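The block underneath contains the structure these notes are about, expressed in structure tokens.
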Amino acid sequence: MTLTIPGFEHLRLPGADGVELAAAVGGSGSPVVLLHGFPQTHLMWRHVAERLSDEHTVICPDLRGYGASDKPAATGPDVYAKRTMAADAVTLAAALGHERFALVGHDRGALVAFRAGLDHPETVTHLGILDIVPTLDMWNVLRGVPAAVGYHLFLMAQPPGLPEAMIAGSADAFFGSFLDAWGNDLTALPEDVRAEYLRASAAAVTSIVADYRASAGVDVTHDQADLDAGSRLAMPVTVVQQDWGARLGYDAAAVWKAWAPDLDHRLTRAGHFMAEEAPDEIAEAIQDLLAR
């Protein structure tokens, strides 16, 4: 049985290009869409969603290729482009009657949210980003020995075949290694939640790799085109992240300021899975964002 957010309705809703997405929907008020990261599902938002649902309609989909959402074959580079996945979020929200909404993403979901903010400025009213830099900048800052923390990015960027076989052959060890290494508080991922993430990820190896492979190709092309065109995020933006700048030797706030003129940049002591480790902190950051 798929774990979902207690008290929320679990729906199947249309995304882009005929893809169907699974989503947990609850609360009432102005809409907020929350997009999960790797190697997780919408379940990662369970604590934050509950805190937001008193004042907002909270929509938590599984990204295409993840969880209980459709996993279309990667017949071309655009199937898992963040542009396509951003269109999923816009289409899904519209199906629920929301032509404008706030959008918050973590990890892979944050890359989707970033692209949605650039592609759909008339739709995304507020943008929250947890623990990433944009794809183009990500590749630029992963240099030298410290970049080993992102080895999986390079593995899944390889041509189809070998990465999928290697990961599928040791799926629990592979995905579990990130759940172990990236958190500061392992108690934030109870055994049933951890088991759900491992089960869902093992069932989605091919589509997860396709998602990452897009970020070494078409997503870079899209980011570069926006950078060259001078495109910027027009809405209020809040970024919450670990102090990756200190670890990898770059100015994270400056990277984001180049994309987001209206920026609130925050560092957290929580680990990568901050929505589960520090839900009060993350909910407060989102609420502050929505008040801007």
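When the range 251-272 is limited to residues that are touching a helix residue (DSSP H, G or I) at 6+ places or on another chain (Cβ under 6 Å) and either part of a loop (DSSP other than H, G, I, E, B) or over 27 Å from N140 (Cα atoms) (or both), the one that is most open to solvent (accessible area, probe 1.4 Å) turns out to be D251. Would the range 116-124 turn up any residue that is of a type in the set (S, T, N, Q), within 17 Å of the chain's Cα centre (by Cα) and crowded, with 19+ Cβ neighbours inside 10 Å? No - not one qualifying residue is present in the range 116-124.
Yes/no per residue for (1) hydrophobic (A, V, I, L, M, F, W, C); (2) at positive phi; (3) surrounded by fewer than 22 Cβ atoms within 10 Å (Cβ to Cβ); (4) under 16 Å from the mean Cα position of the chain (by Cα):
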{"residue": "T2", "(1), (2), (3), (4)": "no, no, yes, no"}
{"residue": "G27", "(1), (2), (3), (4)": "no, yes, yes, no"}
{"residue": "P31", "(1), (2), (3), (4)": "no, no, yes, no"}
{"residue": "D62", "(1), (2), (3), (4)": "no, no, no, yes"}
{"residue": "A95", "(1), (2), (3), (4)": "yes, no, yes, no"}
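If we only count helices (runs of 4 or more DSSP H) wholly inside the range 163-229, which ones have 1 or more residues that are touching a residue at least 60 places away in the same chain (Cβ under 8 Å), more than 21 Å from Y151 (Cβ to Cβ) and not basic (K, R)? Correct list: 191-202, 218-229.
Of the residues screened, L103 is one that is open to solvent by less than 40 Å² (accessible area, probe 1.4 Å) and in a strand (DSSP E or B). In the range 231-238 there is at least one residue matching the filter, namely being part of a strand (DSSP E or B) and within 19 Å of the chain's Cα centre (by Cα). Total residues in the range 26-69 satisfying the condition of being small (G, A, S) and part of a strand (DSSP E or B): the figure is 3. When you look at D131, is it at pLDDT 95 or above, in contact with a strand residue (DSSP E or B) (Cβ under 8 Å, 6 or more places away or on another chain), under 28 Å from V239 (Cβ atoms) and of a type in the set (D, E), yes or no? Against the criterion (at pLDDT 95 or above, in contact with a strand residue (DSSP E or B) (Cβ under 8 Å, 6 or more places away or on another chain), under 28 Å from V239 (Cβ atoms) and of a type in the set (D, E)), D131 qualifies. Of the listed requirements (1) open to solvent by less than 60 Å² (accessible area, probe 1.4 Å); (2) of a type in the set (G, A, S); (3) over 14 Å from the mean Cα position of the chain (by Cα), A73 misses just one: (1). When the range 76-88 is filtered for residues that are open to solvent by less than 10 Å² (accessible area, probe 1.4 Å) and out of contact with any Asp or Glu (no Cβ under 7 Å at 6 or more places or on another chain), the ones remaining, listed by number, are M85, D88. Filtered by the rule that a residue be of a type outside the set (V, I, T), open to solvent by 10 Å² or more (accessible area, probe 1.4 Å) and in a strand (DSSP E or B), the range 16-25 gives a lone residue, E20.
The values are calculated or read from the model by the stated rules, or taken from the named source; none is laboratory data. Here the structure is a predicted model, which means the values were calculated and not measured. As a convention, Cβ positions derive from the backbone with ideal geometry for all residues, glycine included, and neighbour counts pool all protein chains shown. Protein only, heavy atoms only, side chains kept; ligands, DNA and RNA dropped before computing areas. Shrake-Rupley method; radii C 1.70, N 1.55, O 1.52, S 1.80 Å.
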